[in-house]
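What follows is a short report on a single structure.
The values are calculated or read from the model by the stated rules, or taken from the named source; none is laboratory data. Not measured: the values here are computed from a predicted model. Neighbour counts are summed over all protein chains in view; Cβ atoms, including those assigned to glycine, are modelled from backbone coordinates with ideal geometry. The protein model used for the area step is the full one, side chains on, heavy atoms only, and it has no ligands, DNA or RNA in it. Shrake-Rupley method; radii C 1.70, N 1.55, O 1.52, S 1.80 Å.
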Amino acid sequence: MWFAICSNLCRLGARTEPRSSRKTMTPMNSSPTSIAGGTGVSPTVVVIIPFYNGADFIERSVRSVFEQSVPANEVIVVNDGSRPEERAALDALAERYPFRILDKENGGQGSARNAGVAASTSEYICFLDQDDFYLPNHIEILVEAIPAKEARFGFVYADLYEADADANVIRTGVVKLGAKSHPKTDLFDLLRHDMFVLPSASLISRTAFDAVGGFDPQFTGYEDDDLFLRIFRKGYTNHFVDRAVTVWCIHTASTSFGVRMVRSRFRYFMKLAAAFPDEPRRSLYYLRDYLVPRFQAYFVDHAIDSAKHDNEFRAEMLDILEQYAAVVLANPSVGRKSKLKLRMVIFLLRRVSPSTVAAIGSLTKVPGLRTVRRLLD
C-alpha cells in the first residue's frame, strides 16, 4: 500500500544605490547604432551582484563583468550582512576593480537585488549571483536583443552553461532542457512548470521591474519565477536568445540546494494558491490542474527523505507537507482518491520509523517489487 501511495503521488506530481564612480564607456566592438534595435542610442546597463559570505567566488564573478565586450555603465556589489572578514575581501577586490559596494543588513538575495536596483540609475538591469560568472559577450548579446521601439518591453533572457563549483562545465544548455516553451506566452504553462528564466542570464527593463515592485523578499528560491511571472502578468513582453551568456555554478552551498529552498518553494506555492483561486464558471481549476502537479511530488519527497534519514528537519518537512495537504484537502475540485492517498502518506509518515522508511526505499529497488508496485497503481 505504501509503495502504491508514494508511486501515485510522485506520478501525480510529474503530470497532473546612485551611479558608481566608474565613467560611462562606449561599448567596445559595437557601434551605438548596432545595439538596442538600431535606435542610435546606447542603452545604459547596471550589473548588480548580491554578496553574502562569498569571498571564495566573488572575484571570478566580478572579473567576468569587467571583461565584457560591451562594458556595464554601473557595477554594484550588495553586501547582504556578511561577516566582517568576508566584507574585508570586497574592499581588497574593489582596489583592483572599479565597482561600488553597498552595505545592508541581511535580508536575502531578493532584498539585496532590490537594494542594488534602488541605488542605480541605468535603464536596463542585469543580475549576477556571486558564485556564477558571465561569458565575455553576456551584455552585448542581451542588449542587441532589445527590440526597437517596443513600449512594453519587459525582459530578454538567454541560456546558460551548467558547471560545478570549480567552473567545470557539465552541460552547455540548461534553459531549453528545463522548460520547453520559449519565450513565455502562456500563463497556464508558467503556473504548471518552473520557468527557467534565470536572473543571471537576463536583462530587465527598469520600467517593468519597478512596475511590479521588484523581487518579493520573502523568497530565497523561486524569487525569479515570481518576478518574471508578475512582469508577464502586467503585460510586458519577453524575448529569448538561444545562446549561452552565463556559467551557472551549482554546488551544495548555493541557494539551489537546502532547506531554505524547500521553505521558499512552499511559500511560493501558497502565494500562487492565493493569487489564483479556482474559477468554476470558466472551468479553470488552478490548484488541481497546475499547482498540485507542479509541487506535490516535491513536498512528499522532502518529507519522506527527512523521515528516512531522521534528520533535524524531519518535523519541519512533515509540517510543510501537512500545511500543503490542508490546502489540497479543502479544495472541492481535487478528487477523493487523490485526497485519500495524501492522507494515507501523512498518516504513515507520522508513525513509521526511519528504519522502516529506509527499508521500504531499499525494497523498491528490487525488480520484482517494482513490478508489484506498478500493479498496485
Out of segment 100-163, which trypsin sites (Lys or Arg not before Pro) are coil in DSSP terms and have no more than 16 other C-beta atoms within 10 Å?
Lys149, Arg152
Figure the gain on full extension for Glu316 and Val41 (residue separation times 0.36 nm, minus the Cα-Cα span) and round it to one decimal in nm.
93.7 nm
List the aspartates and glutamates whose alpha-carbon lies under 16 Å from that of Lys341, not counting same-chain residues fewer than 8 positions away?
Asp301, Glu322, Asp377
If Glu95, Glu74 are ordered by their accessible area, calculated over protein heavy atoms with a 1.4 Å probe, which sequence runs from highest to lowest?
Glu95, Glu74
Expressed in nm to one decimal, what extension gain is obtained for the pair Arg233 and Glu105 from 0.36 nm per residue of sequence separation less their Cα-Cα distance?
43.0 nm
If the chain between Ala94 and Asp189 were fully stretched, how many nm would it gain, using 0.36 nm times the residue separation less the Cα-Cα distance?
29.9 nm
Applying the Karplus parametrisation 6.51 cos²θ - 1.76 cosθ + 1.60 with θ = phi - 60° to the phi angles of segment 154-161, what ³J(HN,Hα) value in whole Hz is obtained for each residue in order, glycine and proline being reported as x?
x, 7, 10, 9, 9, 8, 9, 7
FRET efficiency for Asp166 and Val327 from the Cβ-Cβ distance with R0 = 51 Å, rounded to 0.05, comes out at 0.80
Report, in listed order, any pair from Lys104/Lys308; Lys149/Lys176; Lys184/Lys339; Lys184/Lys308; Lys180/Lys308 with a Cα-Cα distance greater than 30 Å.
Lys104/Lys308; Lys184/Lys339; Lys184/Lys308; Lys180/Lys308
Could you check the spin-label model distance between Ala118 and Arg152? Points 7 Å from the Cα along Cα→Cβ, value in nm.
2.9 nm
I need the calculated FRET efficiency for the pair Met344 and Ala274, taking r as the beta carbon distance and R₀ as 22 Å, to the nearest 0.05.
0.25
Once label points are set 7 Å from the Cα along Cα→Cβ at both Arg87 and Ala358, what is their separation, rounded to one decimal in nm?
4.4 nm
Can you pull the three principal axis extents for the Cα set of segment 179-330, in Å, largest first?
46, 45, 28
So if R0 is 35 Å, what FRET efficiency would Lys176 and Arg260 give, r being the distance between their Cβ atoms, rounded to the nearest 0.05?
0.80
